[in-house]
Amino acid sequence: MTLVAPQCVAARGLIGWSRAKLSEESGVSMATLADFEAGKRQPYDRTLKDIQETLEAAGVEFIPENGGGAGVRLRKV
């Protein structure tokens, strides 16, 4: 599954993270995150993986496209 910008924004919202917090935790620059979330550019696959893995470690579960649209939710603990 490839992370898309709306999922990233929604995931941050679910866990209450600012873009700065995601940047700090993932090691991805603020500029890259801002451009990605604004739809200005697509990061490298490795960068997308870093973002997704960081958000998953924080409790986010990504829902793949399945006819109902891609999404995010909090993982049950």
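The values are calculated or read from the model by the stated rules, or taken from the named source; none is laboratory data. Keep in mind that this is a model prediction, so the values were computed, not measured. Here the Cβ positions follow ideal geometry from the backbone for every residue, glycine too, while neighbour counts run over all protein chains shown.
Okay, here's what the table says:
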quantity	calculated
Restricting the stretch 14-63 to residues that are touching a Gly at 6+ places or on another chain (Cβ under 9 Å) and in contact (Cβ under 8 Å) with a residue 24 or more places away in the chain, the residue that is nearest to Val4 (Cα to Cα)	Phe62
Complete set of residues in the stretch 1-23 that are more than 9 Å from the chain's Cα centre (by Cα) and not aliphatic (A, V, I, L, M)	Thr2, Gly13, Gly16, Trp17, Ser18, Arg19, Lys21, Ser23
Residue in the stretch 35-48 that is in contact with a Cys (Cβ under 8 Å, 6 or more places away or on another chain), under 16 Å from Leu14 (Cβ atoms), modelled with pLDDT of 95 or more and among the acidic types (Asp, Glu) present	yes
Hits in the stretch 25-45 (condition: over 12 Å from the mean Cα position of the chain (by Cα), aliphatic (A, V, I, L, M) and within 23 Å of Gly59 (Cβ to Cβ))	Met30
